[in-house]
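The values are calculated or read from the model by the stated rules, or taken from the named source; none is laboratory data. Keep in mind it's a predicted model, so treat the numbers as computed, not measured. FYI the Cβ positions are ideal-geometry reconstructions off the backbone, even for glycines, and counts take in every protein chain you see.
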Amino acid sequence: MITEAALITISCVLFIQMGLADAIQEVLHIRLRVVSCQKCLTFWICLGWMVWHEYGIIESVAASFIASYSALWLSLLYDGLALQYNYLYEQITSTKDTSSDSERADNPTDTQAGGDEVSQMQ
């Protein structure tokens, strides 16, 4: 029972986090709150699965609530990993311009920045 609830929880969280729920709802032109929330979707699918497989009602409800609460934390973990990934991706793919021309134009105190001016001889 615990293995089934864990697999359902992971599947529901990934189903929503990967955008599959939104894509399906967009194609079907419907909007269901239950399908858009990791906790709700996990709770109802776990409860339905366990009742269908004739587990006790008390155990089914308890396991569904625990799985739903776990879905919240799994979703937060996934979001944290996504932020780390995006940060690392930005660090790896950012290219720095090393030419001296771009540095000169940005530096207002550089005496050579305004190349149009004629220098004064003394």
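Values computed for the structure shown
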quantity	calculated
Condition check for Ser70: over 13 Å from the mean Cα position of the chain (by Cα), surrounded by 12 or more Cβ atoms within 10 Å (Cβ to Cβ) and at pLDDT below 90	no
Failed condition for Ile8, given (1) surrounded by 13 or more Cβ atoms within 10 Å (Cβ to Cβ); (2) out of contact with any Phe, Trp or Tyr (no Cβ under 8 Å at 6 or more places or on another chain)	(2)
Filtered residue count, the range 62-81, keeping only those that are more than 14 Å from Ile16 (Cα to Cα), among the aliphatic types (A, V, I, L, M) and touching a residue at least 40 places away in the same chain (Cβ under 8 Å)	3
So Ile66, is it out of contact with any Lys or Arg (no Cβ under 9 Å at 6 or more places or on another chain), part of a helix (DSSP H, G or I) and not small (Gly, Ala, Ser)	yes
Flag if Val51 is loosely packed, with under 13 Cβ neighbours inside 10 Å, in contact with a helix residue (DSSP H, G or I) (Cβ under 6 Å, 6 or more places away or on another chain) and either acidic (Asp, Glu) or farther than 17 Å from Asp79 by Cα (or both)	no
Answer residue from the range 13-48, given it is in a helix (DSSP H, G or I) and among the small types (Gly, Ala, Ser) and is surrounded by the fewest Cβ atoms within 10 Å (Cβ to Cβ) among those	Ala23
When residues of the range 22-61 are limited to those that are among the hydroxyl-bearing types (Ser, Thr, Tyr) and touching a residue at least 24 places away in the same chain (Cβ under 8 Å), the one nearest to Ala6 (Cα to Cα)	Thr42
